[in-house]
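Let me begin by presenting the structure, written as structure tokens, before commenting on it.
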């Protein structure tokens, strides 16, 4: 049996990028996917959610047109038509991730389940395959919290919400993290009466507290009932009881309380690849598992669950797997974005994390977007840029909560990745007027 240079389990972001990268280097590659190539990002994550957010944003701007001197208008919302447009966006992007595109790169694509049988061997789609190296990139799935009555309520998840063809009149969203906040705001702007429930005492609990407070304020302005510091206790039919005693009637309930690694059924025990208690595949800094010749990347390893992170990890795996390189994954300067309005973008440490690690040496530079001219001209002044500064001016972290924050964070991540200092941000010439001036103004004020 001829051995393949690389067998990839999973056709999401990590699997696709690794397979294409290896094939372009001349490797003999097989990609195994049990559903559709493109993964969670294309079919249930980034692409559909950002398409929905774009429609919701336009609906909001139509209603708020008087902020810019125009007559406001109430949009006619037909969710079936909105979802059709979401599917159009998916179809446009799916071409690049299709089995046909992969085969054109010289990659063999097998549709079916993949399972390790022994070191160096697996079965996929009824075929036995031998491999030199393998990559586990099987992604993650929505995780339901153990709330009595939830499973009987036909809960929506980020996998199934895209099947809706009519707006729920009353929608309860469980989970005030990034996904919950994005979808709560989107459905509220499209016309649903939305209640958002978060167990922490603030929304976006992993972000700066003022970022969570800003998003809570904006969600409430959009009509979302925000319930913080409480949890779902039980469901009785179409009524949710919270731990603080409140009872919430609903038409649909959407669960956005986290995801679990898809590692079961892969035969990892047959090759000695360990998993954590939550199912995440254990890897070292080079993304090697505990099984010889087997790597893992993307959501299945339970680290930062973002498409760009999965892609970056895949780019590390390829040389490590094919050429015995020792490239390491470092998340310290990895940025991410919550696509609410305003967006919340982050890289590195929060102020609290920095003070815990670096103590009194930490300094904070901040600039409010009410003083950013571009924000004033766009009537979008809610927000701030916050830089966390360490010894000798080194940038330890940054949060931008503002319009187009996601476009501004990449430059800050680049400075962090190079071990750069705030002075570099302050001295760079930023075009005027742009939303990206916020972090530059914060840096300049810190240096003055």
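Just so you know, all these numbers are worked out from the coordinates, no wet-lab data involved. Everything numeric in this text was worked out from a predicted model, so none of it was measured. When we count neighbours, we look across all protein chains shown, and the Cβ atoms used for this are built from the backbone with ideal geometry, even at glycine.
Where does each of 122, 102 land when they are ranked from fewest to most other beta-carbon atoms within 10 angstrom?
102, 122
What share of the DSSP beta bridges in region 173-271 is antiparallel, in percent to the nearest 5?
Here the share of antiparallel DSSP bridges comes out near 45 percent.
Can you pull the one-decimal nm distance between simple spin-label points at residue 62 and residue 330, each 7 Å off the Cα toward Cβ?
About 4.9 nm, to one decimal.
Over what distance in Å are the Cα centres of region 285-362 and region 151-210 separated?
A separation of 26 Å, based on Cα centres.
In what order do 179, 138 fall by count of nearby beta-carbon atoms within 10 Å, going from fewest to most?
Neighbour counts put them in this order, fewest first: 179, 138.
Rg over Rh of region 45-87, using C-alpha atoms and the Kirkwood radius, what does it come to?
Across region 45-87, the Cα-based Rg/Rh ratio is 1.07.
Report, to the nearest 10°, how far helix 307-323 tilts away from the longest principal axis of the Cα atoms in the chain, using its own Cα long axis and a range of 0 to 90°.
Taking Cα atoms only, the helix is inclined about 30 degrees.
Using only the alpha-carbon atoms, how far is helix 209-221 inclined from the longest principal axis of the chain? Give it as 0 to 90 degrees, nearest 10.
70
If each residue's Cβ is checked for other Cβ atoms within 10 Å, how do 181, 46, 41 rank with the fewest at the top?
Fewest-to-most ranking of 181, 46, 41: 46, 41, 181.
Say we join alpha carbon atoms closer than 10 Å with springs in a Gaussian network model of the chain; which of 198, 105, 76 then has the biggest fluctuation?
For the chain, modelled as a Gaussian network with Cα springs under 10 Å, the answer is 76.
Specify whether the C-alpha gyration tensor of region 151-257 places it in the rounded, prolate or oblate class, a ≥ b ≥ c being the square roots of the eigenvalues: rounded for a/c under 1.5, otherwise prolate if a/b is larger than b/c and oblate if not.
It is oblate, given that a/c is not under 1.5 and a/b is not larger than b/c.
If we restrict to alpha carbons, what Rg and Dmax does region 349-411 come to, in Å?
Both quantities, over Cα of region 349-411: 13.1, 39 Å.
Compute the acute angle (0 to 90°) between the alpha-carbon long axis of helix 13-24 and the principal axis of greatest extent of the alpha-carbon atoms of the chain; round to the nearest 10°.
Value to nearest ten degrees: 50.
Distance between the C-alpha centers of region 364-408 and region 414-448? Whole Å please.
Centre-to-centre (Cα) distance: 10 Å.
By its C-alpha gyration tensor, with a ≥ b ≥ c as the square roots of the eigenvalues, how is the chain shaped: rounded for a/c under 1.5, else prolate for a/b larger than b/c, else oblate?
Oblate is the answer for the chain, as a/c is 1.5 or above yet b/c matches or exceeds a/b.
Taking every DSSP beta bridge with both residues inside the chain, roughly what % is antiparallel (nearest 5)?
So the antiparallel bridges in the chain amount to around 60 percent.
As a check on your grasp of the helix formula, calculate [θ] at 222 nm for the chain: sum -39500 (n - 2.57) over DSSP H runs of n ≥ 4, divide by the residue count, round to the nearest 500.
Rounded to the nearest 500, the figure is -10000 deg cm²/dmol.
Which residue, 321, 354, 134, tops the fluctuation ranking in a GNM of the chain built on C-alpha contacts under 10 Å?
Comparing 321, 354, 134 in the GNM, the peak value goes to 354.
Going highest first, how would you order 112-118, 168-174, 50-56 by mean Cβ packing within 10 Å?
168-174, 50-56, 112-118
With the Cα gyration tensor of region 209-362 giving a ≥ b ≥ c as the square roots of its eigenvalues, does the rule (a/c under 1.5 for rounded; else a/b larger than b/c for prolate; else oblate) give rounded, prolate or oblate?
Values: a/c = 2.57, a/b = 1.52, b/c = 1.69.
Verdict is oblate for region 209-362.
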